[in-house]
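Here is the structure we will look at, set down as structure tokens.
Nothing in this text is a laboratory measurement; each read-out follows from the coordinates by a stated rule. Just so you know, these numbers come straight off a predicted model, no measurement behind them. Please note: Cβ atoms are built from the backbone with ideal geometry, for glycine as well, and neighbour counts cover all protein chains shown.
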Amino acid sequence: MDFLPIFLDIKNRDCVVVGGGEVAARKVAMLLRAGARATVVSPQLGVELREQLQQGRINYCAHPFQTENLDGAVLAIAATSDPIVNQQVSEAAGQLCIPVNVVDNPALCSFIMPSILDRAPILVAISSGGASPVLTRLLRSRLETMIPSAYGRLAAYAADFREQVKSRFSRPETRRRFWESVLQGPFAEMVFAGKDRAAKAYLEHLLENEADDTAQREGSGEVSEEAKGEVYLVGAGPGDPELLTFRAMRLMQQADVVVYDRLVSPEILDMVRRDAPRIYAGKERSKHTMPQESINELLVRLAKEGKRVLRLKGGDPFIFGRGGEEIETLSGEGIPFQVVPGITAATGAASYAGIPLTHRDYAQSCIFVTGHLKDGSVDLDWPMLARPNQTIVIYMGLLGLPVLCRQLIEHGLPAVTPAAIVQQGTTHKQRVLTGSLATLPGLTASAKLIPPTLIIVGEVVKLHQRLAWFEPESDLHADEPAQEAGR
């Protein structure tokens, strides 16, 4: 994060804009909307600012910028076409410890102006840190269609009833659940439809009844049937946050606590509700931060405390994710749960590597296997795997790769059978190596790949050369010489 995103209260406070043209006028308009007292410093004013001056909405200093113009100001903006003047404003504001923005020059800024979606009192600010203002405007345009203006009215209602809700529900967790129910239910739909009177009556009725039903339980410290905990077993996919499902996103935002695995990317973890405690339960080969039995017990305990528990797992929870073991325990304890599928590493990494897992010219079947068993061995059904016209996808096979390739060759697959390994698929750290069963172990050792990786064996790997579309800077194409020459 290059900048700290904050919102400043500048109501009835002095802000200075240096410059008199169209750009300066836009900055002044934004300051006025936020309730500031705006002073414009410029030898001349454009049409828009002259109109603002005639209406008495701005103060005006009709001379070139002077350091004294910043006396008493809480914020400064330089919006002139003269780089020397802009630098003077930046340096003067810096010496006075006043936040300063220089338009189109991030190097001279102590803060930057984001692209804003205004749904007052809801305010969404989008910034690229000055890297691409056009991109931030495009993102704002998308959000315009996703966040109706009625959300502002919804937030205003929440503000009006906030104290009433607080006085009726003493526990913060109960208040949060009440608001989540209200803001995602019929009340919100009434507000969106413009039925404000009906919405207000509905909220008052709901508040009265919910409070009466809850007061006695809160006094005794009991947890209601509705407030009993639940576990959300959510697949986080192979790494790219854009591959999350809508349902996963919704549950990630309403969970009370998060239990997550090593394969959940930081970018995805950042999308979980900010105030939800996070518990790391990652497991690596021969190094388990928390044994599976302890994870199962943890989920049960948290749910019995009345919490909504987000069990966030990389890929899909039911494909080599031990999700089945976890919900078996939950079911035995009578704990409610939901399962949200995720894009498994096989489909995610293969797609981003440009390797179709099936193709009528190369493979009519596909099989998923894990590269090591519970006891750490590599003992698979080799004759079944070494069949022609099928794709083999191997999870957790990096350390056992030499054994895997050797056994497949010994059980009938040609040594020249195409094979690939994908490291951190779908992320910008993705690396792809392609070779054959005979050469892939050596190529992998030379490249010093690290988990997580996915191995793909079969004729479909040949298509990587033509179909690879995702090319992050760290992508490594270490194909065999013959293949490389054909690119």
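Sum -39500 (n - 2.57) across every DSSP H segment of at least 4 residues in the chain, then divide by the residue count to get the 222 nm mean residue ellipticity, nearest 500. It would help to have the intermediate numbers written out before the result.
Details: 18 runs with 185 residues, N = 487.
-11500 deg cm²/dmol, from helical runs alone.
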Could you tell me how many degrees, from 0 to 90 and to the nearest 10, lie between the Cα long axis of helix 323-332 and the main elongation axis, the longest principal axis, of the Cα atoms of the chain? 80
Could you size up the charge dipole of segment 1-82 around its Cα centre, putting +1 on the beta carbon of Lys and Arg and -1 on that of Asp and Glu, and report it in debye to the nearest 20? 300
Within segment 386-417: backbone nitrogen closer than 16 Å to the GLU459 label point (7 Å, Cα to C-beta): 386-392, 413-417
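Using r as the Cβ-Cβ distance of TRP179 and SER294, and R0 as 30 Å, what FRET efficiency do you calculate, to the nearest 0.05?
Efficiency, from the Cβ-Cβ distance: 0.35.
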For LYS200 and LEU8, what does the FRET efficiency come to when R0 = 35 Å and r is the distance between their Cβ atoms, rounded to the nearest 0.05? 0.65
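Working from the pairwise distances between different alpha carbons, so that the mean of 1/r is found and then inverted, what is segment 354-467's Kirkwood radius in Å?
Details: mean 1/r = 0.0715 Å⁻¹.
Its Kirkwood hydrodynamic radius stands at 14.0 Å.
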Simple spin-label estimate for LEU53 and ASP379 in nanometres, 7 Å along Cα-Cβ: 8.9
The helix 172-183 Cα axis meets the longest alpha-carbon principal axis of the chain at an angle in degrees, between 0 and 90 and rounded to 10, of 90
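Fully extended, how many nm does the chain gain between ILE84 and ASP118 (0.36 nm per residue separation, minus their Cα-Cα distance)? Spell out each step's value before the answer.
Working: separation 34, 0.36 × 34 = 12.24 nm, distance 3.35 nm.
Net length gain for the segment: 8.9 nm.
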Any chance you could check the Cα centroid distance between segment 172-188 and segment 79-137 for me, in angstrom? 37
With axes computed from alpha carbons, what is the tilt in degrees of helix 150-168 against the longest principal axis of the chain, rounded to the nearest 10 within 0 to 90? 90
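Which whole-number percentage describes the relative contact order of the chain, with Cα contacts under 8 Å and a sequence gap of 6 or more?
Details: 836 pairs, mean separation 42.8, N = 487.
Normalised by residue count, the contact order of the chain is 9 percent.
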Roughly speaking, what is the centre-to-centre gap between segment 41-68 and segment 297-351 when only Cα atoms are used, to the nearest Å? 61
Amide H contacts under 5 Å for GLY229, placed H, 5+ residues apart: GLY306, LYS307
Place +1 on the Cβ of every Lys and Arg and -1 on the Cβ of every Asp and Glu in the chain, take the dipole about the Cα centre, and give the residue among PRO241, ALA353, ALA62 whose Cα lies farthest towards its positive end. ALA62
Relative to the present Cα-Cα distance, how much length would full extension add between MET271 and ALA156 at 0.36 nm per residue of separation? 38.9 nm
